[in-house]
1. Given the C-alpha centroids of segment 38-98 and segment 167-181, what is the distance between them in whole angstrom?
2. Please report the orientation-averaged projected area of segment 185-235, defined via the convex hull of its C-alpha atoms, in nm².
3. Once you have the alpha carbon radius of gyration of segment 242-310, what is it after dividing by 2.2 N^0.38 Å, with N set to its residue count?
4. For segment 80-135, treating each Cα as an identical point scatterer without solvent, what Debye log10 I(q)/I(0) comes out at q = 0.24 1/Å?
5. Report relative contact order for the chain in percent, whole number only (criteria: Cα-Cα under 8 Å, sequence separation at least 6).
6. Relative to 2.2 N^0.38 Å, what does the C-alpha radius of gyration of segment 113-175 come to as a ratio? Two decimals please.
7. Tilt of helix 373-389 relative to the longest C-alpha principal axis of the chain, in degrees (0 to 90, nearest 10)?
8. Given R₀ = 56 Å, FRET efficiency for residue 390-residue 207 by Cβ-Cβ distance, to 0.05?
Ligand code: EPS
């Protein structure tokens with residue numbers, strides 16, 4: 001499976017084209033809309049989220065509630081477009097009109113794609129860069145992820161994202177019996193955090209950052225239950241599934257690092273305290289007595305829950321601007337102020353779920369017969385049986 005997205009933050013719409021989704025899989029707009037709504041929530045979002053009411057228009061690939069095996073076209077309109085029809089107009093404009101529009105950006109924001117993107121593509125109006133590099137694009141990544149999540153859920157695989165840290169406040173009390181409990185608790189938390197006490201402090205930290213015209217980042221975690229062992233491969237660097245998952249996390253706007261299981265802590269422990277011992281029983285087949293490696297060995301799933309964390313830097317668009325250089329005058333300036341969120345970590349945990357789900361669904365469709373959804377499900381059932389007895 002693969003997908004591409006198109007669309008600018010304040011353009012008419014965002015579009016995703018998904019290819020390779022098995023035929024005959026039940027799918028409705030509602031499956032996607034509920035994920036889009038989850039991404040829009042979260043304490044710390046700015047005014048834009050009050051304008052948008054993200055809903056998908058499935059414009060290809062589905063008929064009477066089932067996928068056709070043809071490409072899926074997913075469209076989400078930008079409601080804000082009505083305020084930007086001139087600035088973001090499609091048709092050519094004259095020099096005079098350009099002056100009249102006056103939304104040209106020549107002051108790159110530190111930490112954003114603005115300057116490097118301008119240099120690369122030759123855009124002297126940096127709006128041409130920021131419109132596409134904006135995290136608005138994650139809307140349709142979540143739409144694509146919702147399709148992957150649906151496929152996984154029909155195969156008994158559950159994915160959940162939650163927030164571990166915001167602005168230096170760490171969730172300490174993270175205990176849950178199963179993934180459903182994790183989902184239920186975090187779904188009711190404005191910061192998608194399992195630890196209620198930490199959540200209160202996180203919200204206070206977001207309030208003070210907002211007051212100070214600043215932004216804060218954090219750490220999100222994605223947990224996946226139900227993946228069979230041996231998905232991915234050790235035989236080539238580009239077939240290692242953990243590497244693909246790491247790439248997917250790193251591709252989310254503002255993400256700067258990835259950890260699996262106990263993560264960087266492994267550097268400080270001897271091997272005997274890092275590797276997970278192997279066990280077997282009739283009912284479950286193989287398992288590990290711990291899950292310190294976070295569900296991967298040798299680029300393949302172990303069958304234990306996948307546990308992956310990603311770190312999001314503070315959003316670089318600040319109301320309290322940092323110094324920058326105007327690309328026309330070359331004079332020092334404070335960077336352009338654009339409307340933004342003070343913290344988007346809770347929303348980013350939904351995006352992280354989506355991109356991880358996509359990589360896992362893709363790995364399954366690569367490994368098993370997947371033109372038809374039924375064949376994929378049967379092949380996976382058979383493989384699960386075999387790997388238990390192996
Ligand atoms: C974003 C800036 C803000 C955010 C936006 C990402 O948008 P605007 O400039 O229109 O206020 O709200 O996020 C979304 C629109 C979204 O859907 O998540 C940025 O610069 O990345």
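1. Using only Cα atoms, the two centres lie 33 Å from each other.
2. Seen from a random direction, the Cα hull of segment 185-235 projects 5.9 nm² on average.
3. Values: Rg = 13.4 Å, N = 69, 2.2 N^0.38 = 11.0 Å.
That ratio works out to 1.22.
4. The calculated log intensity ratios at q = 0.24 Å⁻¹ are -1.04.
5. Details: 803 pairs, mean separation 88.0, N = 390.
23 percent.
6. Working: Rg = 18.4 Å, N = 63, 2.2 N^0.38 = 10.6 Å.
Relative to the 2.2 N^0.38 Å estimate, segment 113-175 comes out at 1.73.
7. 50
8. Numbers: r = 53 Å, r/R0 = 0.95.
The computed FRET efficiency comes out at 0.55.
No lab work stands behind these numbers, since they all come straight from the coordinates. Computed from a predicted structure; not experimentally measured. Here the Cβ is made from the backbone with ideal geometry for all residues, glycine too, and neighbour counts use every protein chain on show.
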